[in-house]
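Some notes on the structure that comes next.
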Amino acid sequence: MSPQQLAGTLAPEQAPTSSRRLLAYLGPATLVGVGYMDPGNWATDLEGGARFGYQLLWVLVMANVVALVMQTLAARLGVVARLDLAQACRIAYPRPVALVLFVLCEIAIVACDLAEVIGSAVALNLLFGLPLLAGALVTVLDVLVLLALQRFGMRKLEATVLVLVSTIGACLALEWYLASPSLAPLAAGLVPRIDPASLYVAVAMLGATVMPHNLYLHSWLVQSRAAPVGRAALRRALRYNVLDTTVALNVALFINVAILVVAAAVFHPRGMAVSDLREAHELLTPLLGTTLAGVLFAVALLCAGQSSTITGTLAGQVVMQGFLRLRGSPAMVRLVTRAVAVIPAVVAIGVLGERSTVGLLVATQVVLSLQLPFALVPLVRFTRDRRLMGEHASPPWLAAIATIAAVLVIACNGWLVVASVADVLEGAWAVLAAALAIPALALLVYLGCAKLRYVERAN
């Protein structure tokens with residue numbers, strides 16, 4: 001089924017009791033939440049914990065707050081305007097600008113899918129000894145089978161992802177127990193502090209936590225519930241979606257914290273800078289004294305890769321159809337989406353080698369973080385626009401919080417670019433980087449200031 005065919009297939013307001021109505025609204029954020037615990041998160045959390053101990057724990061908490069605000073706005077856009085973010089960008093901005101946003105979003109999806117494919121391939125290698133190249137190809141076939149669950153409705157797909165998320169949580173809770181971290185340094189990690197050495201990993205953690213394609217996906221997923229009729233029903237839908245988002249993202253926060261804490265408790269005291277997911281798997285067993293530690297790590301990683309691959313494929317489908325108004329076969333769109341992800345993964349593994357997975361995964365999260373402002377700025381503008389949202393436009397306090405969060409993300413990304421490029425690029429490469437940065441900033445200014453033109457409504 002296509003996104004259009006799945007829209008409005010559930011009717012929570014027709015539920016016979018208030019508890020069943022609530023349960024009917026819950027679910028979209030679960031699919032979005034798995035994007036916050038994908039293998040890219042694993043890579044950044046492992047590296048952050050192994051290299052800096054608990055120092056970057058506060059980054060996860062603050063990133064989760066930003067994610068909660070932005071995902072709430074994405075859900076509001078879908079519930080009130082009945083538009084996903086891609087559709088809203090297409091109808092509000094001139095076509096050339098919308099096409100540029102589409103390309104940038106596709107780059108982010110490729111980076112995210114690259115992380116998910118590599119993570120799943122590594123997990124298959126750890127559990128069954130499958131070569132990474134073969135594992136990357138297996139993940140394509142596997143996700144197509146899982147996406148066939150769409151034929152049975154969104155509830156079956158949401159239930160499948162919920163089982164995978166529950167498995168991840170159970171495995172990492174046991175890892176936490178085996179690692180037995182000290183509470184005092186863990187609490188100290190909640191105090192904000194950063195230095196040049198940890199900047200790159202901190203921004204990568206931000207990019208891994210607040211993911212641009214999840215904003216597009218969430219604004220569509222809430223539309224799988226029928227449009228609420230009447231002011232009371234609409235307010236109830238918004239309230240229940242806030243609850244759904246809060247629960248799902250806090251589950252994701254626990255999983256990210258657990259990964260960082262285990263790395264900080266096991267690897268950091270021994271001065272082990274983990275550079276590969278398989279290295280982390282191999283070290284956990286002797287350091288924790290049980291083979292269960294390695295098995296739990298691999299099983300949780302596989303579930304993380306598979307669940308996030310499902311939602312990544314959905315996001316690619318929503319973005320393509322929202323920006324380009326594709327009406328072709330959903331299966332064909334999924335095949336194209338997976339091919340776009342797998343080809344870079346296969347090339348990266350073949351060129352960089354199988355031992356480079358953590359560095360490659362961290363780099364993909366930095367790409368996500370750099371693309372994030374181009375999704376945040378339009379989202380903040382749309383959700384505070386009364387022409388589009390009516391009386392449910394973001395109130396001043398929410399718009400102010402969202403604007404501050406977006407500015408902080410943009411400033412953090414700018415810091416990363418300056419800190420990284422200044423030391424690495426010289427001569428012509430530095431000029432090229434500056435030439436790319438100037439139009440990017442100009443585009444952000446345009447997205448934030450240009451008059452919005454709602455030239456059509458998307459179906």
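The values are calculated or read from the model by the stated rules, or taken from the named source; none is laboratory data. As the structure is a computational prediction, the values presented were derived from the model and not from experiment. As a convention, Cβ positions derive from the backbone with ideal geometry for all residues, glycine included, and neighbour counts pool all protein chains shown.
Here are a few things to note about the model shown:
- When residues in region 88-104 are screened for being surrounded by 23 or more Cβ atoms within 10 Å (Cβ to Cβ) and more than 17 Å from V380 (Cβ to Cβ), 1 of them pass.
- For P269: the one exception among (1) modelled with pLDDT of 85 or more; (2) under 22 Å from Y36 (Cα atoms): (2)
- Pairs where the first residue, in region 182-198, is part of a helix (DSSP H, G or I) and the second is among the polar types (S, T, N, Q), C-beta under 9 Å, 6+ apart: A188/Q55; S198/Q55
- Selection within region 292-314 - at pLDDT 85 or above and not hydrophobic (A, V, I, L, M, F, W, C): G294
- Restricting attention to region 8-57, the residues that are assigned to a loop (DSSP other than H, G, I, E, B) and within 22 Å of L314 (Cα to Cα) add up to 6.
- If you check A15, A11 for being surrounded by fewer than 21 Cβ atoms within 10 Å (Cβ to Cβ), touching a strand residue (DSSP E or B) at 6+ places or on another chain (Cβ under 8 Å) and of a type outside the set (D, E, K, R), only one passes: A11.
- Taking (1) buried (at least 23 other Cβ atoms within 10 Å of the Cβ); (2) within 23 Å of Q317 (Cβ to Cβ); (3) over 16 Å from the mean Cα position of the chain (by Cα) in turn, R82 satisfies each apart from (1).
- Filter result for the condition that a residue is part of a helix (DSSP H, G or I), in contact with a Cys (Cβ under 6 Å, 6 or more places away or on another chain) and under 20 Å from V409 (Cα atoms), over L68, L60, L101, L73: L101
- You will find that of P395, P378, the residue that is at pLDDT 90 or above and in contact with a helix residue (DSSP H, G or I) (Cβ under 8 Å, 6 or more places away or on another chain) is P378 and no other.
- Hits in region 244-288 - residues which are without any contact (Cβ under 8 Å) to a residue 12 or more places away in the chain and part of a loop (DSSP other than H, G, I, E, B): G271
- First in region 208-237 and touching a residue at least 60 places away in the same chain (Cβ under 8 Å) and in a helix (DSSP H, G or I), second anywhere and of a type in the set (V, I, T) and surrounded by fewer than 20 Cβ atoms within 10 Å (Cβ to Cβ), Cβ under 7 Å, 6 or more apart: S224/T9
- Applying the condition of being farther than 29 Å from V59 by Cα and of a type outside the set (D, E, K, R) to region 381-392 and asking which residue is surrounded by the most Cβ atoms within 10 Å (Cβ to Cβ) yields L388.
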